[in-house]
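A.B. asks: Before we start, here is the structure in question, set down as structure tokens.
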Amino acid sequence: MKIFLPVLIIFLGSVILMAKPLDMFVDLTIESTYNSNVLKLSDTDISRFKNELDTEKFKIDTVDDLIISAKAVTGIKHTEFFGHTQIAKITLKYDKYINNEMKDEAAIGIDTRRFFSRKVNLYLGYFYYPHIYVNRYRSVLDDAYHDFTYTKNVYTGKLTWKVHTKLNLNYKCEFSQVYYDKYFTEYDTDNLEHALGLMYLASQKVSIEARYSYKISTADGEDAFENPVAIDVIKDASYEANIFNLEFTFPRLFFINNSPVVFSASTRFEQRYFQSENVRDEYHLGRDDAIWQVKGALEYPLSDKWKLSGTTRFEKRITDSPYSDVKTEKEYDLYEMGLSIIISL
């Protein structure tokens, strides 16, 4: 977080100095979401929780929860001296979990999109997540349960090129840093992801976007310890992943009072291959994960400044491991349903 304020000052200063006319905007989003499995627990863990077993591990009140989210996006749209348009934004977001307050999350970010021409634009963004709660696990330092939490920095660059009136190509590079609490520093991770995307405007009624990503996640492992020999089991959560995305958008699915209803449906499939070579690291040695996600969304403009949006999501993880206990503990499924109001000021 130390680098965030200097970056923010430089970012805003450059926007003001280079800008000609300024158009400011503010978007507010209020959302309520039901999540059936907020900690992504396996069926075995859900059963243990409901039967009040291993109470030191489960500090949640309920497996599912209702999440109330508020997001504010304020930005400036301006034209630079050379006639190029640039949009700069600041985003603040907070998620409040009604039953499990340890899961409350916040995020702050800055991003900008510069249009070099009608065909080429560049997006740059930085987001900071100060506290993300995952679950409770045993630490190798004292073999006791502790909260498994982390902070996260995310840096993103994306270049989009309109090669044809109906075809856009894009390349994204994203780097993130994950820092866990003092009991789990072996999980501190650097992530690097490269993605290639293709969006095809089939007609005015449907567009199709496909994207492939390759991700490398490198955890500290034994480098996190001053004396790794003293640690019984050193866990290495490093992995490589192939990620496939496919999305269909129907900007005019149907009309209500002459206003179009936008519908989108997407699917995401991720293959993770863990890289641990420690024969005692049962949670990661020889483990592969397949994570499948399906999303749907409807958006309807209530007026020029108000929009209503409904979303749904299903997610499932299937684990392959030489150890049956790992498969039992790591597989999960969940679904979400959300409703939000977006206000443009």
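A.B. asks: Dipole magnitude of the chain about its Cα centre, charges +1 at Lys/Arg Cβ and -1 at Asp/Glu Cβ only, in debye to the nearest 20? Before the final figure, lay out each step's value.
C.D. replies: Values: 42 positive and 50 negative charges, 505 e Å.
So the magnitude is around 2420 debye.
A.B. asks: Another question about this same structure. So how tilted is helix 4-18 from the main axis of the chain? Cα-based, degrees 0 to 90, rounded to 10.
C.D. replies: 10 degrees
A.B. asks: Moving on. Segment 226-345: D in µm²/s via Stokes-Einstein (Kirkwood Rh, Cα pairs, 25 °C, 0.890 mPa s)?
C.D. replies: Numbers: Rh = 17.6 Å.
It comes out at roughly 139 µm²/s.
A.B. asks: Percentage of Cα-Cα pair distances in segment 139-243 greater than 21 Å, rounded to whole percent?
C.D. replies: Numbers: 2847 of 5460 pairs.
Cα-Cα pairs of segment 139-243 separated by over 21 Å account for 52 percent.
A.B. asks: Among Asn99, His131, Tyr212, whose Cα lies farthest out toward the positive end of the dipole of the chain, if unit charges sit on the beta carbon of Lys, Arg (+1) and Asp, Glu (-1)?
C.D. replies: Looking along the dipole axis, the top candidate is Tyr212.
A.B. asks: Take the alpha-carbon positions of segment 135-193, form their convex hull, and give its projected area averaged over all directions (one quarter of the hull surface) in nm².
C.D. replies: Working: hull surface 21.1 nm².
Mean shadow area of the hull around the Cα atoms is 5.3 nm².
A.B. asks: Once you keep just the Cα pairs under 8 angstrom separated by 6 or more residues, what percentage relative contact order results for segment 215-303? List each step's numbers first, then the result.
C.D. replies: Working: 173 pairs, mean separation 24.1, N = 89.
So the answer I get is 27 percent.
A.B. asks: Using a 10 Å cut-off on Cβ atoms, rank the peptides 222-233, 90-101 from the highest mean neighbour count down. Write out the running numbers ahead of the final one.
C.D. replies: Numbers: 222-233: 11.2, 90-101: 15.7.
Order by mean packing, descending: 90-101, 222-233.
A.B. asks: Right, another one. Can you compute the modelled spin-label distance between Phe248 and Tyr273, with each label point 7 Å from Cα toward Cβ, in nm?
C.D. replies: Once both label points are built, they end up 3.1 nm from each other.
A.B. asks: Please find the FRET efficiency linking Glu240 to Ser303, where r is the Cβ-Cβ separation and R0 is fixed at 51 Å, and quote it to the nearest 0.05.
C.D. replies: It comes out at approximately 0.60.
A.B. asks: Pulled fully out, how much extra length does the chain show between Ile318 and Ser203, if you take 0.36 nm times their separation in residues and subtract their Cα-Cα distance? The partial results should precede the final answer.
C.D. replies: Details: separation 115, 0.36 × 115 = 41.40 nm, distance 3.65 nm.
Here the segment from Ile318 to Ser203 would lengthen by 37.7 nm.
A.B. asks: In debye, nearest 20, what is the charge dipole magnitude of segment 240-345 about its Cα centre with +1 on Lys and Arg Cβ and -1 on Asp and Glu Cβ, if you could check? Let's see the in-between values first.
C.D. replies: Numbers: 13 positive and 17 negative charges, 126 e Å.
The calculated dipole for segment 240-345 is roughly 600 debye.
A.B. asks: Please give, to one decimal in nm, the separation of the simple spin-label points placed at Met337 and Leu141, each 7 Å out from Cα toward the Cβ.
C.D. replies: 4.3 nm
A.B. asks: For an R0 of 56 angstrom, estimate the FRET efficiency from the Cβ-Cβ distance between Asp223 and Phe255 and round to the nearest 0.05. Walk me through the numbers on the way to the answer.
C.D. replies: On the way: r = 58 Å, r/R0 = 1.04.
That gives a FRET efficiency of 0.45.
A.B. asks: Now a separate question. Arrange the following residues from fewest to most other Cβ atoms within 10 Å of their Cβ: His78, His146, His194, His164.
C.D. replies: Numbers: His78 19, His146 16, His194 13, His164 10.
Exposure proxy ranking, most exposed first: His164, His194, His146, His78.
A.B. asks: Moving on. Once fully extended, how much extra length lies between Lys57 and Thr44, figured as 0.36 nm per residue of separation less the alpha-carbon to alpha-carbon distance? Walk me through the numbers before you get to the answer.
C.D. replies: Numbers: separation 13, 0.36 × 13 = 4.68 nm, distance 1.31 nm.
Gain on stretching Lys57 to Thr44: 3.4 nm.
A.B. asks: Looking at Leu39, Gly197, Gly75, which one has the Cα that reaches farthest to the positive end of the dipole of the chain (charges on Cβ: Lys, Arg +1; Asp, Glu -1)?
C.D. replies: So the residue furthest toward the plus end is Gly75.
A.B. asks: Within segment 57-145, how many Lys pairs that are eight or more residues apart, or on different chains, come under 19 Å at the alpha-carbon?
C.D. replies: Here the count comes out as 10.
A.B. asks: Then there is this: Rounded to two decimals, what ratio of Rg to Rh does segment 55-147 give with C-alpha atoms and a Kirkwood Rh?
C.D. replies: Working: Rg = 20.3 Å, Rh = 16.6 Å.
Radius of gyration relative to Kirkwood radius: 1.22.
A.B. asks: Fewest first, what order do Tyr214, Tyr123, Tyr300, Tyr187 take by the number of other Cβ atoms within 10 Å? Walk me through the numbers before you get to the answer.
C.D. replies: Numbers: Tyr214 13, Tyr123 16, Tyr300 19, Tyr187 22.
Ranking Tyr214, Tyr123, Tyr300, Tyr187 by Cβ neighbours within 10 Å, fewest first, gives Tyr214, Tyr123, Tyr300, Tyr187.
A.B. asks: When DSSP assigns beta bridges and you keep just the ones with both residues in the chain, what percent turn out antiparallel, to the nearest 5?
C.D. replies: Working: 175 of 175 bridges.
The antiparallel fraction comes to roughly 100 percent.
A.B. asks: Projecting each Cα onto the charge dipole of the chain (Lys/Arg +1, Asp/Glu -1 at the beta carbon, about the Cα centre), which of Val154, Ser324, Val261 comes out farthest on the positive side?
C.D. replies: Of the listed residues, the answer is Val261.
A.B. asks: Report the far tail of the P(r) of the chain, meaning the percent of Cα-Cα pairs longer than 36 Å. Provide the component values of the computation, followed by the final result.
C.D. replies: Working: 16256 of 59340 pairs.
For the chain, the fraction of Cα-Cα distances above 36 Å is 27 percent.
A.B. asks: Sorting Asp104, Asp142, Asp65, Asp188 on the 10 Å Cβ count, fewest up front, what's the list? Display every interim value, and only then the final one.
C.D. replies: Working: Asp104 13, Asp142 9, Asp65 21, Asp188 18.
If I rank by nearby Cβ atoms, fewest first, I get Asp142, Asp104, Asp188, Asp65.
A.B. asks: Taking the Cα centre of segment 72-114 as origin, work out the dipole magnitude from +1 charges on Lys and Arg Cβ and -1 charges on Asp and Glu Cβ, in debye rounded to 20.
C.D. replies: Working: 7 positive and 6 negative charges, 46 e Å.
Using Cβ point charges on Lys, Arg, Asp and Glu, segment 72-114 gives about 220 debye.
Throughout, read-outs are computed from the coordinates displayed, never taken from laboratory work. Since this is a predicted model, take the numbers as computed values, not measurements. Every residue, glycine among them, receives a Cβ derived from its backbone with ideal geometry; neighbour counts consider all protein chains shown.
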